[in-house]
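A short worksheet on the structure shown next.
The values are calculated or read from the model by the stated rules, or taken from the named source; none is laboratory data. As the structure is a computational prediction, the values presented were derived from the model and not from experiment. We place every Cβ from the backbone using ideal geometry, glycine too, and count neighbours over all the protein chains shown. The protein model used for the area step is the full one, side chains on, heavy atoms only, and it has no ligands, DNA or RNA in it. Shrake-Rupley method; radii C 1.70, N 1.55, O 1.52, S 1.80 Å.
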Amino acid sequence: MRIPRLLLRFASLALFAPLALTASPGAAPLPDNSVYRIPALTLRDQQGDVFSFASLRGEPRLVSMFYGSCKMVCPLLIENIKRIEQAVAARGAAPLPVVLVSFDPGHDDVAMLARVAANHHLSAPLYRLTTPISGDYGALAAVLGIAYRPLPDGGYAHNTVVALLDGEGRVLATTDAAGKPAPAFVAAVVMVAAH
């Protein structure tokens, strides 16, 4: 019997439950299946701002992973996320914030993130391109279903997944963001954006 991939992702989150902290003292505990349970993941964005991944709690958003020097897959991923946002806007919903987390923190400094943002016309605060400065970004990749491995030329072989998170960090829907936006994913984003 095959276990659904989403169930495996949530099971991997349970490993972090004892280590996870809530976003702030006095806040309600995070749900067991929240990606914000990944402990101590700290990010820096294209503007140089440093923040904890868990601080994103409270607002639904789209999340994916990339690397800045990618010449093919990541630029397509970014353009497809923009197409998803356009499809959502065409249905009368406001765009959701987007967070892209690099899996190449050794090379993706603030300058590289800013260059990628400028090249793709991604404006903060709607789009935050980030690089991990501490914590387990590999756990984030595992939970989102993103696999990557370094190549001898310095690049990465990887798949693409865009996840729709609710305000508590639960994965509501995913898409591979290949080609035209998937109607079911767009509908899920519209439904979340409308509430």
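Structural remarks
- A184 meets each of the listed conditions (1) touching a residue at least 12 places away in the same chain (Cβ under 8 Å); (2) assigned to a helix (DSSP H, G or I); (3) surrounded by fewer than 21 Cβ atoms within 10 Å (Cβ to Cβ) apart from (1).
- Residue check, A173 at pLDDT 95 or above and in contact with a Leu (Cβ under 7 Å, 6 or more places away or on another chain): yes
- Residue match in the stretch 49-67 (condition: touching a strand residue (DSSP E or B) at 6+ places or on another chain (Cβ under 7 Å), open to solvent by 40 Å² or more (accessible area, probe 1.4 Å) and in contact (Cβ under 8 Å) with a residue 12 or more places away in the chain): yes
- Given (1) of a type in the set (F, W, Y); (2) in contact with a Leu (Cβ under 8 Å, 6 or more places away or on another chain); (3) farther than 27 Å from P183 by Cβ, number of the condition F103 does not satisfy: (2)
- Flag for A111 being without any contact (Cβ under 8 Å) to a residue 60 or more places away in the chain, in a helix (DSSP H, G or I) and out of contact with any strand residue (DSSP E or B) (no Cβ under 9 Å at 6 or more places or on another chain): yes
- Residue check, P95 without any contact (Cβ under 8 Å) to a residue 40 or more places away in the chain and over 12 Å from the mean Cα position of the chain (by Cα): no
- Some residue of the stretch 159-171 being exposed (fewer than 15 other Cβ atoms within 10 Å of the Cβ), of a type in the set (V, I, T) and at negative phi: no
- From the list V143, V88, the one residue that fits, being more than 16 Å from D49 (Cβ to Cβ) and either assigned to a strand (DSSP E or B) or out of contact with any Pro (no Cβ under 9 Å at 6 or more places or on another chain) (or both), is V143.
- Hey, R149 of a type in the set (D, E, K, R), in contact (Cβ under 8 Å) with a residue 24 or more places away in the chain and out of contact with any helix residue (DSSP H, G or I) (no Cβ under 9 Å at 6 or more places or on another chain) or not: no
- Output for the stretch 121-158, where each listed residue is modelled with pLDDT of 95 or more, open to solvent by less than 30 Å² (accessible area, probe 1.4 Å) and over 13 Å from the mean Cα position of the chain (by Cα): L122
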